[in-house]
Amino acid sequence: MTTGERSKEEMEGSTIERYSKIKLGSWLDQFRHGSNPWMARYLYAIFFLIANLLAWAVRDYGHSILKEMKRLKGCNGGEDCMGAEGVLRVSLGCSLFYFAMFLSTAGTSKLNDRRELWHSGWWSAKLFMNISLIVLPFLLPAEIISIYGQVAHFGAGVFLLIQLISIISFITWLNDFCHSEKYAVRCHVQMMLLATVAYVICILGIILMYIWYTPQPSCLLNIFFISWTLVLLQLMTSVSLHPKVNAGFLTPGFMGLYVVFLCWSAIRSEPAEEKCIRKAESPTGKGDWFTIISFVVAVLTIVIATFSTGIDSKCFQFKKDDAPEEDDVPYGYGFFHFVFATGAMYFAMLLIGWNPNHAMKKFTIDVGWTSTWVRVVNEWLAVCVYIWMLVAPIIWKSRQVATSNV
């Protein structure tokens with residue numbers, strides 16, 4: 001073995017040893033020991049949060065810097081860099097950054113890979129790269145931004161699908177964990193308590209939606225949304241309790257919470273002028289503060305949802321029983337950046353209400369009939385995916401038995 005190879009192995013061994021200490025240490029240790037993949041994911045989330053806030057600022061306050069935008073050729077005198085199109089330009093730059101990171105880190109599996117150093121370090125270069133890619137779309141003609149707007153619809157849908165599978169995978173993992181031989185007896189009471197609380201919240205949420213969002217018998221669409229949500233909750237429970245499935249009450253209860261939340265989000269996305277929606281309005285200004293707080297919470301929710309989905313690459317692994325080795329990466333870098341790239345398209349759709357021609361008021365997010373139907377379809381798709389994940393193993397098993405008998 002040459003001296004160079006020996007020094008390379010020693011360097012790789014020291015890197016793995018340093019990462020092992022960080023993994024076993026506290027949460028603060030991730031920030032005390034220099035660049036590492038655990039710290040990197042938070043910095044990428046901060047980049048993403050800044051892009052969200054920049055897109056919002058361009059949409060709501062961009063007209064105050066209209067004169068500066070006139071210098072950019074692709075902005076058509078500033079008109080094409082404000083409002084919805086300005087949001088799409090920021091989103092395009094953010095998505096390009098994470099897509100470039102996806103291409104440069106996809107397939108990284110070991111901590112001693114050179115691409116791991118690029119993912120976890122080189123922050124000055126990546127900061128310059130991020131700023132450059134966000135500025136670049138403001139130099140592009142409006143036609144290219146319009147094409148990106150159509151692509152972003154598809155990318156946002158991909159993000160919602162990935163997020164949906166991640167949530168269902170977590171719920172099923174929690175159910176399997178609680179029903180395992182090691183914890184089945186110990187967690188029985190806790191499982192029943194959690195399932196009961198989940199169902200109570202679901203029923204209470206449905207009742208409140210009937211009270212708040214169906215003030216008149218003519219609110220037929222809202223009545224349909226809420227009633228169908230109740231039917232879907234019953235359907236998930238029935239399938240889960242079927243003798244051949246026997247998944248218990250916990251998973252349909254938690255899925256019920258998610259479905260009720262999606263139904264509530266869909267109805268809240270209806271335009272403010274809709275007579276069936278009682279908006280919080282107050283002459284004292286409390287309604288404005290409520291709108292601002294809701295907006296801040298919504299933006300933080302987007303970032304947290306993107307972050308949590310991005311580090312959950314295991315939900316798309318078919319072989320999950322393999323024990324991770326010491327030098328394996330803690331999460332899939334390529335998948336992480338891909339989720340953020342599609343998440344950039346998703347936050348653009350929320351800020352423009354899934355329609356670039358739809359005017360959005362200040363501090364509003366995901367409002368409009370298009371947003372409402374996206375939420376409703378997402379709710380129905382969630383139930384279909386959940387039921388399929390319960391029924392599919394039984395169907396495959398019966399087919400295997402049938403083929404073996406033949």
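The values are calculated or read from the model by the stated rules, or taken from the named source; none is laboratory data. Owing to the predicted nature of the structure, the values given are computational and were not obtained by experimental measurement. In this analysis, Cβ positions are derived from the backbone assuming ideal geometry, glycine residues included, and neighbour counts consider all displayed protein chains. Side chains are part of the model used for accessible areas, which takes the heavy atoms of the whole protein and leaves out ligands, DNA and RNA. Shrake-Rupley method; radii C 1.70, N 1.55, O 1.52, S 1.80 Å.
Do you know which residues across the stretch 265-281 are modelled with pLDDT of 80 or more and either of a type in the set (K, R) or in contact with a helix residue (DSSP H, G or I) (Cβ under 6 Å, 6 or more places away or on another chain) (or both)?
S265, A266, I267, R268, S269, E270
Residues of the stretch 251-274 being open to solvent by 10 Å² or more (accessible area, probe 1.4 Å) and outside any loop (DSSP other than H, G, I, E, B), which ones? Hits for the stretch 251-274 are F254, L257, Y258, V260, F261, W264, S265, R268.
The one condition from (1) without any contact (Cβ under 8 Å) to a residue 40 or more places away in the chain; (2) more than 21 Å from I394 (Cβ to Cβ) that L241 does not meet is (2). Scanning the stretch 387-406 for residues that are among the aliphatic types (A, V, I, L, M) and over 27 Å from L164 (Cα atoms), which turns out modelled with the lowest pLDDT? Filtering the stretch 387-406 for residues that are among the aliphatic types (A, V, I, L, M) and over 27 Å from L164 (Cα atoms), the one modelled with the lowest pLDDT comes out as V406.
Here's the yes/no breakdown for (1) crowded, with 16+ Cβ neighbours inside 10 Å; (2) more than 25 Å from the chain's Cα centre (by Cα); (3) among the basic types (K, R):
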residue	(1), (2), (3)
W122	no, yes, no
F128	no, yes, no
I145	yes, no, no
C178	yes, yes, no
C187	yes, yes, no
P217	no, yes, no
L232	yes, no, no
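Taken across the stretch 365-374, residues that are modelled with pLDDT under 85 and of a type in the set (F, W, Y) do not occur at all.
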